[in-house]
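Written below as structure tokens is the structure these notes are about.
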Amino acid sequence: MSYENNLFAPLIDATVDVIYSVGCLLGKLLFGESNRFDIENFFKVCELKNSRGEYPVLCKKVDTDRGVKFILSLPIGLCLKDFLKLKDALEQQIKTKVVISYNNGYIEILSILDDLKELYSFELQKANPISKGIKIPLGYSLDGLQYINLKEHPHSFVVGSTGGGKSVCLKSLMVFLICNYCPSELEIHLGDLKFVEFALFKNVELVKDFKTSVSDVTEQIKMLLDETERRYQLFESVGVTNIFDYNKKFPKKKLKYQILIIEEVVNLLQDSKKTAMKLLKRLIAISRNSGLYCIFSTQRPSADVIDSVVKANISNRIVFHTESEKDSVICLDEVGAETLDIKGRGILKVGSNKTVFQGFYVSDDEVKEYIKPYVVNKKAVEPVVVSNNGNTIFDKYKDFKPGFIENKKNDNVEDAEDLKDLSFLKNI
């Protein structure tokens, strides 16, 4: 039967006309006569209101370099989750990706006009006081600046094949730490089993030690494990459970935060007794509350290193391009990293949340300029023999335990009195 002879043809035509008219009316309602999106009317159409019948009101509309930001009131009784339920519908109407967030009593909706750029030059961010936790910026995602929060998720690994962006990520991370924190509050321990990546930083004041052999890095890990256990004994003796509470309770005897960074951690498998990996797994399992944070990297992910124990204790997985699906599964528990084809493009997986980001780019020359004010001549502070019996003027401090920050006004008074008799200089 042809359409013309169909008894239901008039009804179909009428239905189409009604749908078209409603569609046009809805389009005008949503986008206005000037074809500009009306976000207030969108929420009215979607019946997003509280029990009083109050809808979100547009307070401000701001053009940003990433897109248009809508700042809306939050009616009493509504919350961020109510807006997030409409995210897919909003994206389909506005025809862009949107980021919905809560900020100081308002709902902010960012309509993202552009995708991630292929290059973001390094931007030195200002850090919060260390007492509030260490948040390290990695680069940009569609949600904005992407951080890892070491207070909430203390340990991280960084994986990526050659040229993927792993090394640049580590360098930008180091520059951020060096330029924001002082040696009285943070110390960094570097293990460079690749021998080349961290040489730029070995004379920075914030860097406590710099090791390049498996045996030395093993001793480094053991030293930090001993310090962690000592701190927990200290916490127990004073009735606290973590470094934040301890430093708050004893502001004149604050403990330093510590960060251990090991480049090419897979090389620790060269230790036939597996001592290094056993110590390392023990360290990441217990150090969460002690103020010690661990960051490991490798370009050759191995299931012997990134095993179930490591994954259970390392929340921040920063993964750049991998050589194979197998490597991606080892790092992320899923495929995907092998398809990252832009240098510096990475995936940050924290718990079950996965975010694609573009890491900051910083050249070696830029690194040198940033850290130049913080480089010291560490050889100048090595103990020097000043008497025939082999003793040094530092011997009186040989039992000093690192990690404490003590505020003293007259630290040098006793030392000055001890050195009034300078006759020992004749024996040099």
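The values are calculated or read from the model by the stated rules, or taken from the named source; none is laboratory data. Here the structure is a predicted model, which is why all the values come from computation and not from measurement. Heads up, the Cβs are rebuilt from the backbone with ideal geometry, glycines too, and the neighbour counts pull from every protein chain shown.
The requirement of being closer than 24 Å to PHE210 by Cβ, aromatic (Phe, Trp, Tyr) and surrounded by 22 or more Cβ atoms within 10 Å (Cβ to Cβ) is satisfied by PHE296.
Restricting attention to the stretch 36-61, the residues that are surrounded by 16 or more Cβ atoms within 10 Å (Cβ to Cβ), farther than 17 Å from LYS85 by Cα and either out of contact with any Phe, Trp or Tyr (no Cβ under 7 Å at 6 or more places or on another chain) or of a type in the set (D, E, K, R) (or both) total 1. Residues that are touching a helix residue (DSSP H, G or I) at 6+ places or on another chain (Cβ under 7 Å) and under 16 Å from GLU263 (Cβ atoms) within the stretch 281-303 comprise CYS294, PHE296, SER297, THR298, GLN299, ARG300, PRO301, SER302, listed in sequence order. Being surrounded by 14 or more Cβ atoms within 10 Å (Cβ to Cβ) and not in a strand (DSSP E or B) is the filter; apply it to the stretch 132-142 and report the residue that is farthest from the chain's Cα centre (by Cα). Only one residue tops the list, namely LEU142. Of the conditions (1) touching a Phe, Trp or Tyr at 6+ places or on another chain (Cβ under 9 Å); (2) at pLDDT 95 or above; (3) among the β-branched types (Val, Ile, Thr), VAL217 satisfies every one except a single condition; which number is it? Going through (1) touching a Phe, Trp or Tyr at 6+ places or on another chain (Cβ under 9 Å); (2) at pLDDT 95 or above; (3) among the β-branched types (Val, Ile, Thr) one by one, VAL217 breaks only (1).
Within the stretch 159-166, is there a residue that is of a type in the set (S, T, N, Q) and closer than 30 Å to GLY67 by Cβ? Scanning the stretch 159-166 turns up no residue that is of a type in the set (S, T, N, Q) and closer than 30 Å to GLY67 by Cβ. Taking residues in the stretch 294-314 that are free of Cβ contacts under 8 Å to residues at least 60 places away in the same chain, and partners anywhere that are acidic (Asp, Glu), the pairs with Cβ atoms closer than 9 Å and at least 6 places apart or on different chains are ARG300/GLU264; ARG300/GLU323; ARG300/ASP327; LYS311/ASP333. Among the candidates LYS126, LYS87, LYS117, the residue that is among the charged types (D, E, K, R) and without any contact (Cβ under 8 Å) to a residue 40 or more places away in the chain is uniquely LYS87. Once the stretch 32-77 is narrowed to residues that are acidic (Asp, Glu) and under 20 Å from LYS95 (Cβ atoms), the residue that is modelled with the lowest pLDDT is GLU33. Each residue in the stretch 116-131 was checked for being of a type in the set (Gly, Ala, Ser), closer than 26 Å to ARG66 by Cβ and more than 14 Å from the chain's Cα centre (by Cα), and 1 pass. Pairs meeting the criteria (first residue in the stretch 196-207 and more than 15 Å from ILE262 (Cβ to Cβ), second residue among the basic types (Lys, Arg) and surrounded by fewer than 16 Cβ atoms within 10 Å (Cβ to Cβ), beta carbons under 8 Å, at least 6 apart or on different chains) are LEU200/LYS368; ASN203/LYS378.
Out of curiosity, is GLY139 in contact with a Gly (Cβ under 9 Å, 6 or more places away or on another chain) and at pLDDT 95 or above? Break it down into steps so the answer makes sense when it comes.
On the way: in contact with a Gly (Cβ under 9 Å, 6 or more places away or on another chain): yes; at pLDDT 95 or above: yes.
In short, yes.
Quick check on LEU283: is it closer than 19 Å to GLY191 by Cα and either modelled with pLDDT of 95 or more or of a type in the set (Phe, Trp, Tyr) (or both)? Considered against the rule, which asks whether it is closer than 19 Å to GLY191 by Cα and either modelled with pLDDT of 95 or more or of a type in the set (Phe, Trp, Tyr) (or both), LEU283 comes out as yes. State whether one or more residues within the stretch 230-252 are under 16 Å from LYS194 (Cβ atoms) and either in the same structural domain as GLY351 (by the TED database) or at pLDDT 95 or above (or both). Among the residues of the stretch 230-252, not one is under 16 Å from LYS194 (Cβ atoms) and either in the same structural domain as GLY351 (by the TED database) or at pLDDT 95 or above (or both), which makes the answer no.
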